[in-house]
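The values are calculated or read from the model by the stated rules, or taken from the named source; none is laboratory data. Nothing here was measured: the structure is a model prediction, and the numbers come from that model. Note that each Cβ is placed from the backbone with ideal geometry, even for glycine, and that neighbours are counted across all protein chains shown. Areas reflect the complete protein model, heavy atoms only, side chains present, ligands, DNA and RNA absent. Shrake-Rupley method; radii C 1.70, N 1.55, O 1.52, S 1.80 Å.
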Amino acid sequence: MPTMKPSQPSDQFRNLLLCLAMLWPGTGGAVHEARELAGQHLNIGVLAFRGEQRTEKIWGPTVEYLSLAVPGVSFDLMPLDLEQMEQAVQAGQVSFIITNPGNYVELEYRYGVSRIATLQRYHHQSPSRRIHSAIIARADRTDLKNIGDLKNRSVMAVSENAFGGFQVAWGEMKQHAIDPNSDLAELVFAGFPQDNIVKSVLDGSVDAGIIRGCLLEQMDRAGLIDMADLKVLGGRPNDTGECRVSTPAYPDWPLAKLGGTSDHLAKLVTMTLLAMPDNHRAALAGEYSGWTIPVEYQAVHDLFRELQIGPYEWMRRPTLLILWSRYWQWILVALLGVLWWIWHVYRVEQLVRTRTSQLTRANLRLQEEMEERQQTEQKLLTQQNELAHVARVSTAGELASGLAHELNQPLSAISSYAQGCIWRLESGRITQDELRDVIQRMASEAERAGAIIQRLRGFLRKEQTHCKAVDINQAVGEATDLFAAEANRRGIRVNLTLAEAIPPVCSETIQLQQVIINLLRNAADALNGLAAERRRIELSTHYAVAEGAVRIDVRDFGPGIDPQGKSHLFEPFFTTTADGMGLGLSLSQSIVESHGGTIRVIDNAHPGACFSIVLPVYKEP
Ligand code: ADP
């Protein structure tokens, strides 16, 4: 950062001021402190808003004056822009600063600098009401009269951080409900010198410009412009009535000391500045009439708070209140949305609760119904089993004569063998071996008779309907055996064709046999009175691999099914025979369907009827 050395003061003048300082009331006791300062080189930072050379020209003599006046200390001028000013203060590179009120307020807040004097520009003007802004436009712009007319216009200013050159005008624009950052068509920061802004307004590059108060009048006096070409928006006279300004007045520049600068030195500097005569070379160069005690900078604080800049920048950070004041419409909409959502969730929950209780009730009803149904089904099954048993008993009764005939053979054989044995024993014509042979034959005949009775007993057994793995060929074989005697009696041939490698079916042996015997008996009934060559029944088993099912066909060569009765065959009590009950097929259908199968009549190409039972292949549970 550049510094400028003032020319060395004469020893005579220096000693004179030293004496003055010591004679000043309250400073006599600090003589030794004054001596301690001797030989120090200290920096005074000055805000160089119009370039280094101009700063040197304006403030150089003041710094020189201080170097001359403060005993033993030589001061160097350090021209700084806003950024450099902050860096220098932060690093403690300067002992005093001379800056604009805005910058001072910020540094006071951030680094604790404190004002010790305020610049007095003119004798006849209060230093606390010195700085204004003027918002200017061309005089012929009839559309621009007031500050409020700036909306959607282009405006030029020095810099965002310039106090009189922007921030003061910004505050005034805000009063007129204009936010320069959003309500203007364009906001251009052109930098120093401010004369350029006046030129841009004049040549129409921008609609309006912000400059410090009284600059226009100064330029007019210097013959640089003609005041008549321009106007000040919202213009009012300043305190002295010399200039037209657009804003209220703010205090003039202060001279402030840094926290680390000794109070004694600050006191000496203050006294020296206060003592400066108004015709002093330094005052003339700086275009001021002298220095006065520090004035109140509250107005600057108020402005910064309003603009939320400088020490009050934190106010831009969103707090709940600020957020509410800015976005209350959106927050209200969001709140309403949340309320609606809560209400919706509550309603949905209520609905779910109501539906759940309805469902629970329905479920209970369903369970009750299911239980009832299961009980009914169980009852039906038991009744069906009872019926099937009764039907079997009746069938057995009907088969009895055939069976009796069948039993007759082994019993007659046993009787004959026994009689023969007795005779030969009595005549002594029988050897032991012959006797053993006859007795063995008797035993095998007895076994045959026992097997016949066993089959009948098994057929009459009561049994529950359960799906079991049943070898269908075996069941069909046994049923045929049971029916064999009846068939013989009626002169009917039963041809059995059994499929090989047939898997077990899901059924129950006795009931399946009951169905087969029923079909065989119906077939036999149909063959009554027919010629001998037609009196045959073909019973066959088949395995339909693709369907995963096994089929039993019972085919006769009788007259076939009466077409009129075909649709009623499986209805209970449908019969065409005189002594029939009409329950056989209906019962057979119930049994087959309870095992997951079907029973139907297949249309024949040749005379006779063919009943077909299909049962699913047994699967391991
Ligand atoms: P029922 O034998 O007591 O009459 P079913 O229910 O067993 O009762 O038979 C019902 C009817 O179906 C029989 O009356 C008969 O008209 C007819 N039917 C059954 N099997 C045959 C068959 N193989 N040929 C012709 N008609 C038959």
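Against the conditions (1) within 20 Å of Glu486 (Cα to Cα); (2) among the basic types (Lys, Arg); (3) exposed (fewer than 13 other Cβ atoms within 10 Å of the Cβ), Arg373 satisfies every one except (1). Only one of the listed residues (Val545, Val550, Val505) is under 18 Å from Gly597 (Cβ atoms), open to solvent by 60 Å² or more (accessible area, probe 1.4 Å) and more than 12 Å from the ligand (Cβ to nearest atom). That residue is Val545.
Can you tell me which of Arg555, Arg534, Arg489 is touching a Cys at 6+ places or on another chain (Cβ under 8 Å), touching a residue at least 24 places away in the same chain (Cβ under 8 Å) and either open to solvent by 60 Å² or more (accessible area, probe 1.4 Å) or within 9 Å of the ligand (Cβ to nearest atom) (or both)? I'd like the intermediate steps shown before the answer.
Numbers: Arg534 fails: touching a Cys at 6+ places or on another chain (Cβ under 8 Å); Arg489 fails: touching a Cys at 6+ places or on another chain (Cβ under 8 Å).
Criteria check complete, one pass: Arg555.
Screening His123 with (1) more than 57 Å from the chain's Cα centre (by Cα); (2) more than 14 Å from Gly259 (Cβ to Cβ); (3) in a strand (DSSP E or B); (4) not polar (S, T, N, Q) gives one miss only, at (3).
Residues in region 563-578 that are of a type outside the set (S, T, N, Q) and within 6 Å of the ligand (Cβ to nearest atom) were compared, and the one that is surrounded by the fewest Cβ atoms within 10 Å (Cβ to Cβ) is Gly565.
Restricting attention to region 436-454, the residues being open to solvent by less than 50 Å² (accessible area, probe 1.4 Å) and at pLDDT below 90 number 6.
Residue pairs whose Cβ atoms lie under 6 Å apart, sitting 6 or more positions apart in sequence or on different chains, and linking a residue in region 309-337 that is under 27 Å from Ala162 (Cβ atoms) to a partner that is assigned to a helix (DSSP H, G or I) and open to solvent by 90 Å² or more (accessible area, probe 1.4 Å), are Pro311/Tyr109; Tyr312/Arg305.
I'd like to know if region 579-587 contains one or more residues that are within 14 Å of Ala388 (Cβ to Cβ) and more than 13 Å from the ligand (Cβ to nearest atom). Taking every residue of region 579-587 in turn, none turns out to be within 14 Å of Ala388 (Cβ to Cβ) and more than 13 Å from the ligand (Cβ to nearest atom). Screening Arg110 with (1) open to solvent by 50 Å² or more (accessible area, probe 1.4 Å); (2) at pLDDT 95 or above; (3) in contact with a helix residue (DSSP H, G or I) (Cβ under 9 Å, 6 or more places away or on another chain) gives one miss only, at (2).
Tell me, which helices (runs of 4 or more DSSP H) wholly within region 261-308 include 1 or more residues that are acidic (Asp, Glu)? It would help to see each step written out before you state the result.
Details: elements: 263-274, 281-285, 298-307.
So the answer is 263-274, 298-307.
If we scan region 93-103, do we find a residue that is modelled with pLDDT under 95 and surrounded by fewer than 17 Cβ atoms within 10 Å (Cβ to Cβ)? Among the residues of region 93-103, not one is modelled with pLDDT under 95 and surrounded by fewer than 17 Cβ atoms within 10 Å (Cβ to Cβ), which makes the answer no.
Per-residue answers, yes or no, for (1) touching a residue at least 12 places away in the same chain (Cβ under 8 Å); (2) more than 19 Å from Leu456 (Cβ to Cβ):
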residue	(1), (2)
Gln374	no, yes
Glu386	no, yes
Gly397	no, no
Leu411	yes, no
Ile414	yes, no
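Cβ-Cβ distances below 9 Å connect the following pairs, each with a first residue in region 561-586 that is in a helix (DSSP H, G or I), a second residue that is of a type in the set (Ser, Thr, Tyr) and more than 6 Å from the ligand (Cβ to nearest atom), and a separation of six or more residues or different chains: Gly584/Thr395. Please work out which residue is most open to solvent (accessible area, probe 1.4 Å), limiting yourself to region 262-308 and to residues that are among the polar types (S, T, N, Q) and touching a residue at least 40 places away in the same chain (Cβ under 8 Å). Filtering region 262-308 for residues that are among the polar types (S, T, N, Q) and touching a residue at least 40 places away in the same chain (Cβ under 8 Å), the one most open to solvent (accessible area, probe 1.4 Å) comes out as Ser262.
State whether the residues of region 519-531 include one that is within 15 Å of the ligand (Cβ to nearest atom) and loosely packed, with under 14 Cβ neighbours inside 10 Å. Yes, some residue in region 519-531 is within 15 Å of the ligand (Cβ to nearest atom) and loosely packed, with under 14 Cβ neighbours inside 10 Å. Among the residues of region 588-621, which ones are hydroxyl-bearing (Ser, Thr, Tyr) and more than 15 Å from the ligand (Cβ to nearest atom)? Hits for region 588-621 are Ser594, Thr598, Tyr618.
For region 76-84, does any single residue satisfy the condition of being of a type outside the set (Asp, Glu) and under 20 Å from Arg281 (Cβ atoms)? Looking through region 76-84, at least one residue is of a type outside the set (Asp, Glu) and under 20 Å from Arg281 (Cβ atoms). Kindly indicate whether Val550 is within 21 Å of Ala396 (Cβ to Cβ) and in contact with a strand residue (DSSP E or B) (Cβ under 6 Å, 6 or more places away or on another chain). So Val550 does not fit the description; no.
Among the residues of region 593-621, count how many are within 14 Å of Val515 (Cα to Cα), modelled with pLDDT of 90 or more and either part of a helix (DSSP H, G or I) or open to solvent by 40 Å² or more (accessible area, probe 1.4 Å) (or both). Selection size over region 593-621: 2. Among the candidates Glu406, Glu386, single out the residue that is of a type in the set (D, E, K, R), modelled with pLDDT under 75, closer than 30 Å to Asp525 by Cβ and part of a helix (DSSP H, G or I). Residue meeting the stated conditions: Glu406.
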